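Written below as structure tokens is the structure these notes are about.
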Amino acid sequence: MHTLFELEQDKEAKLESAKIEDGFYNIIGGQRFSAARKLSVINPATGKELATVPDVDAASLDDAVDAARKAFPAWRALPLARRKEFLNEALIEIDRYAEELSVLLTAEQGRPLFQARWEIDLLTKRFGPAFMQMDIPEIEQDVADIGHVFKRYTPIGVVGAITPWNLPVLISFIKALPALLAGNTVVLKPSPFTPLTVLRISDYIRDLLPSGVLNTVTGGDELGPWMTSHPGIDHISFTGSTATGKRVLESASATLKHVALELGGNDPGIILADVDPHAIAQDLFNSMFLLSGQGCICLKRLYIHEDIYPALTNALVAVARSAKVGDGLHPETVLGPVQNRLQYQRLQSVWEEIRKSGATILFRGEVPTNEKGFFFPVTLLDNPPEDASYVAQEVFGPIRSVFKYKTVDEAIRRANNTSYGLGASVWGKNPDELQRVARQLEAGTVWINQHLVRNPFVPASAYKNSGIGVELGQEGVLEFCHIQVIGSHKW
């Protein structure tokens with residue numbers, strides 16, 4: 001155990017390594033750009049200002065879009081192999097600064113340092129290299145009445161990427177990299193709550209990419225709508241809440257943009273009667289509370305067969321009790337704070353509703369009492385009403401509901417009774433039964449004996465109100481392309 005003084009000394013040394021005092025800039029046309037107006041970025045573990053970033057106006061967004069449009073013809077004309085060379089060099093450069101970037105990411109986002117390094121490594125060592133292995137196919141075939149047909153995938157143009165605060169680095173670049181790979185240019189807007197690491201990365205790689213190919217801008221609530229309605233942006237790729245996604249779609253429709261939306265989730269998990277409760281408790285807890293429960297594909301509604309309900313809930317409570325909530329820069333921390341004040345206030349309102357409803361609390365953990373950050377306790381609800389708003393709607397934070405069921409068909413029906421359809425999972429030992437259940441769950445991704453797992457080679461899609469389009473896999477790259485057909489007939 002470390003003393004509080006030792007922890008604070010270690011924390012200050014780590015923060016110094018993140019070079020926050022160097023400042024943060026937007027990147028427009030390959031150049032650093034600042035602005036008269038600034039946005040304050042808050043450290044969620046302290047509630048204090050960490051840094052400021054530019055708050056761009058509409059004219060500066062126009063400059064970023066113009067830079068992207070000017071860069072598009074030359075970037076599109078490059079052979080795919082040459083574009084890959086540029087992007088590989090960028091990934092290598094990002095990896096050089098992995099330690100510094102991990103500290104910066106923890107400071108602005110809140111999660112433990114090991115999870116911040118995990119996110120940087122996912123980009124540079126797994127997802128990025130995987131994208132570099134993907135190709136843009138051109139298919140030839142002879143078709144009756146048309147002749148020899150070429151099916152080509154061509155870049156759309158300027159992509160506007162709008163990304164959230166929970167996985168700011170990975171989500172920003174699993175949009176930007178495939179878009180760039182396909183020959184598009186990009187205007188990237190990270191969340192104003194967590195822009196620092198994305199801005200620092202964009203600064204580090206700006207000299208490695210042709211001017212205007214990747215532009216990164218920051219701003220307040222007006223910037224997103226400016227992008228989604230901008231006539232110079234051809235495609236919007238957005239990750240965020242379902243409510244905001246609907247506004248994005250409406251705004252983009254005026255200029256008939258291509259739109260891809262990865263939205264909210266209320267993922268169910270069904271636990272069959274043949275599982276070993278103690279063997280899966282840690283994996284279930286991680287699936288529910290990764291990033292302090294601030295994940296669209298976190299497991300949020302857990303359906304447990306009545307025969308194992310007491311044993312599994314006891315095992316979950318034991319894991320929850322051992323998970324320390326605290327500052328992400330402290331080595332003992334397992335779960336960090338809620339990322340921002342607004343989300344913390346929403347969770348406090350949810351808790352007040354739960355408290356007033358009289359719902360049974362299976363477990364409610366502890367949070368630091370000597371900190372002023374946005375710490376919220378791990379909370380497990382025991383069979384709450386499934387029509388309550390805190391069950392039916394996505395809760396983006398460390399509040400989760402567990403339910404008892406009698407029959408598997410009942411569990412499937414209850415799991416599917418939602419307006420969301422992002423992910424789902426089923427856990428058990430019988431392969432045939434697992435497949436039977438999985439094929440009846442209404443979600444874009446259904447996991448068996450796991451949850452939350454994304455692979456860059458496997459497409460991610462959604463049902464219902466959880467999104468439109470595809471990310472990841474070959475399908476995700478082609479999401480950033482037009483399909484062009486050339487039919488050649490011999491006279």
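The values are calculated or read from the model by the stated rules, or taken from the named source; none is laboratory data. Given the structure is predicted, the values throughout are model-derived calculations rather than measurements. Here the Cβ positions follow ideal geometry from the backbone for every residue, glycine too, while neighbour counts run over all protein chains shown. Heads up: the accessible areas ignore ligands, DNA and RNA and are worked out on the full protein's heavy atoms, side chains in. Shrake-Rupley method; radii C 1.70, N 1.55, O 1.52, S 1.80 Å.
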Seminar exercise, completed: Residue hits (the stretch 277-306; part of a strand (DSSP E or B) and charged (D, E, K, R)) are Lys300, Arg301
Exercise. For Asp145, which of the numbered conditions (1) open to solvent by 30 Å² or more (accessible area, probe 1.4 Å); (2) touching a helix residue (DSSP H, G or I) at 6+ places or on another chain (Cβ under 8 Å); (3) assigned to a loop (DSSP other than H, G, I, E, B) fails to hold?
Worked result: (2)
For this session: Considering only the stretch 52-66, state which residues are open to solvent by 30 Å² or more (accessible area, probe 1.4 Å), more than 24 Å from the chain's Cα centre (by Cα) and within 16 Å of Gly220 (Cβ to Cβ).
Result: Asp57, Ala58, Ala59
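Is it the case that Val217 is open to solvent by less than 10 Å² (accessible area, probe 1.4 Å), under 18 Å from Leu87 (Cβ atoms) and aliphatic (A, V, I, L, M)?
Values: open to solvent by less than 10 Å² (accessible area, probe 1.4 Å): yes; under 18 Å from Leu87 (Cβ atoms): no; aliphatic (A, V, I, L, M): yes.
Taking the combined requirement at face value, the residue does not satisfy it.
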For this session: Note down all Cβ pairs under 8 Å where the first residue falls in the stretch 440-469 and is under 30 Å from His278 (Cα atoms) and assigned to a loop (DSSP other than H, G, I, E, B), the second is among the polar types (S, T, N, Q) and open to solvent by 30 Å² or more (accessible area, probe 1.4 Å), and they're at least six residues apart or on different chains.
Result: Gly444/Ser461; Leu452/Asn286
Exercise. Is it fair to say Val198 is β-branched (Val, Ile, Thr), outside any strand (DSSP E or B) and open to solvent by less than 10 Å² (accessible area, probe 1.4 Å)?
Worked result: yes
Exercise. Ile20: open to solvent by less than 80 Å² (accessible area, probe 1.4 Å) and at pLDDT below 95, yes or no?
Worked result: yes
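Conditions tested, residue by residue: (1) at pLDDT 95 or above; (2) in contact with a Phe, Trp or Tyr (Cβ under 8 Å, 6 or more places away or on another chain); (3) acidic (Asp, Glu).
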residue	(1), (2), (3)
Asp10	no, no, yes
Ala58	yes, yes, no
Ala68	yes, no, no
Ala71	yes, no, no
Pro79	yes, no, no
Ile92	yes, no, no
Phe114	yes, no, no
Glu119	yes, no, yes
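If I filter the stretch 262-281 down to residues being open to solvent by 20 Å² or more (accessible area, probe 1.4 Å) and over 12 Å from Ile468 (Cα atoms), which single residue comes out as nearest to the chain's Cα centre (by Cα)?
Applying the first criterion (open to solvent by 20 Å² or more (accessible area, probe 1.4 Å)) to the stretch 262-281 yields 262, 273-274, 276, 278-280.
Subsequent filtering for residues that are over 12 Å from Ile468 (Cα atoms) retains 273-274, 276, 278-280.
Numbers: Ala273: 32, Asp274: 33, Asp276: 31, His278: 29, Ala279: 28, Ile280: 25 Å.
Across the stretch 262-281, the extreme among qualifying residues is Ile280.
Among the residues that make up the stretch 305-320, is at least one of them of a type in the set (Gly, Ala, Ser) and over 30 Å from Lys429 (Cα atoms)? Walk me through it before giving the result.
Quick first cut of the stretch 305-320, residues of a type in the set (Gly, Ala, Ser) only: 311, 315, 318, 320.
If we keep only those that are over 30 Å from Lys429 (Cα atoms) as well, we get none.
For the stretch 305-320, residues of a type in the set (Gly, Ala, Ser) and over 30 Å from Lys429 (Cα atoms): absent.
Which one of Pro225, Pro210 is in a helix (DSSP H, G or I), touching a residue at least 24 places away in the same chain (Cβ under 8 Å) and more than 18 Å from the chain's Cα centre (by Cα)? Steps first, please.
Working: Pro210 fails: in a helix (DSSP H, G or I).
Answer to the check: Pro225.
Report whether or not Lys429 is farther than 17 Å from Ser349 by Cα and surrounded by 16 or more Cβ atoms within 10 Å (Cβ to Cβ). Spell out how you get there, then give the answer.
On the way: farther than 17 Å from Ser349 by Cα: yes; surrounded by 16 or more Cβ atoms within 10 Å (Cβ to Cβ): no.
It is false that Lys429 is farther than 17 Å from Ser349 by Cα and surrounded by 16 or more Cβ atoms within 10 Å (Cβ to Cβ).
Just the residues that are open to solvent by less than 50 Å² (accessible area, probe 1.4 Å) and under 23 Å from Cys481 (Cβ atoms), please, taken from the stretch 220-232.
Going through the stretch 220-232, the residues open to solvent by less than 50 Å² (accessible area, probe 1.4 Å) turn out to be 220, 223-224, 227-228, 230, 232.
The answer is Met227, Thr228, His230, Gly232.
Take the residues in the stretch 105-123 that are closer than 18 Å to Arg454 by Cα and of a type outside the set (A, V, I, L, M); name whichever of them is most open to solvent (accessible area, probe 1.4 Å). If you could, list the steps in order and put the result at the bottom.
Start the filter on the stretch 105-123 by keeping residues that are closer than 18 Å to Arg454 by Cα, which leaves 115-123.
Within this subset, residues satisfying the condition of being of a type outside the set (A, V, I, L, M) are 115, 117-119, 121.
Values: Gln115: 20, Arg117: 80, Trp118: 98, Glu119: 0, Asp121: 41 Å².
Going through the qualifying residues, I end up with Trp118.
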Seminar exercise, completed: For the stretch 8-28, pairs from a residue that is more than 30 Å from Val186 (Cβ to Cβ) to a residue that is open to solvent by 30 Å² or more (accessible area, probe 1.4 Å), with Cβ under 8 Å and 6 or more apart or across chains, are Asp10/His2; Asp10/Pro331; Lys14/Leu113
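Could you list, in sequence order, the residues of the stretch 395-407 that are in contact (Cβ under 8 Å) with a residue 40 or more places away in the chain and out of contact with any strand residue (DSSP E or B) (no Cβ under 7 Å at 6 or more places or on another chain)?
The first filter runs over the stretch 395-407 and keeps only residues in contact (Cβ under 8 Å) with a residue 40 or more places away in the chain, leaving 395-406.
Those that are in contact (Cβ under 8 Å) with a residue 40 or more places away in the chain and out of contact with any strand residue (DSSP E or B) (no Cβ under 7 Å at 6 or more places or on another chain): Phe396, Gly397, Lys406.
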Exercise. Among the residues of the stretch 30-41, is any open to solvent by 50 Å² or more (accessible area, probe 1.4 Å), more than 25 Å from Asp207 (Cα to Cα) and within 24 Å of the chain's Cα centre (by Cα)?
Worked result: yes
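Can you tell me which residue in the stretch 331-358 is nearest to the chain's Cα centre (by Cα), limited to those that are open to solvent by 20 Å² or more (accessible area, probe 1.4 Å) and among the small types (Gly, Ala, Ser)?
By that ranking, first place goes to Ser349.
Considering only residues that are surrounded by fewer than 20 Cβ atoms within 10 Å (Cβ to Cβ) and modelled with pLDDT of 95 or more, look in the stretch 368-383 and name the one that is farthest from Gln348 (Cα to Cα). Reasoning before the result, please.
Quick first cut of the stretch 368-383, residues surrounded by fewer than 20 Cβ atoms within 10 Å (Cβ to Cβ) only: 368-372, 377, 382-383.
Then drop every residue that is not modelled with pLDDT of 95 or more, which leaves 377, 382-383.
Details: Pro377: 10, Asp382: 19, Asn383: 20 Å.
Per the criteria, the residue is Asn383.
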For this session: Taking the residues in the stretch 233-251 that are open to solvent by 10 Å² or more (accessible area, probe 1.4 Å) and of a type in the set (Gly, Ala, Ser) as candidates, determine which candidate is nearest to Leu181 (Cα to Cα).
Result: Gly240
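Results for (1) open to solvent by 40 Å² or more (accessible area, probe 1.4 Å); (2) of a type outside the set (S, T, N, Q), shown as yes or no for each residue.
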position	(1), (2)
Met132	no, yes
Phe150	yes, yes
Ile162	no, yes
Ser172	no, no
Lys175	no, yes
Ala182	no, yes
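Would you say Val259 is surrounded by fewer than 21 Cβ atoms within 10 Å (Cβ to Cβ), in contact with a strand residue (DSSP E or B) (Cβ under 6 Å, 6 or more places away or on another chain) and either within 30 Å of Ala411 (Cα to Cα) or among the hydrophobic types (A, V, I, L, M, F, W, C) (or both)?
On the way: surrounded by fewer than 21 Cβ atoms within 10 Å (Cβ to Cβ): yes; in contact with a strand residue (DSSP E or B) (Cβ under 6 Å, 6 or more places away or on another chain): yes; either within 30 Å of Ala411 (Cα to Cα) or among the hydrophobic types (A, V, I, L, M, F, W, C) (or both): yes.
Against the criterion (surrounded by fewer than 21 Cβ atoms within 10 Å (Cβ to Cβ), in contact with a strand residue (DSSP E or B) (Cβ under 6 Å, 6 or more places away or on another chain) and either within 30 Å of Ala411 (Cα to Cα) or among the hydrophobic types (A, V, I, L, M, F, W, C) (or both)), Val259 qualifies.
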Exercise. In the stretch 311-324, is there at least one residue being open to solvent by less than 10 Å² (accessible area, probe 1.4 Å) and assigned to a loop (DSSP other than H, G, I, E, B)?
Worked result: no
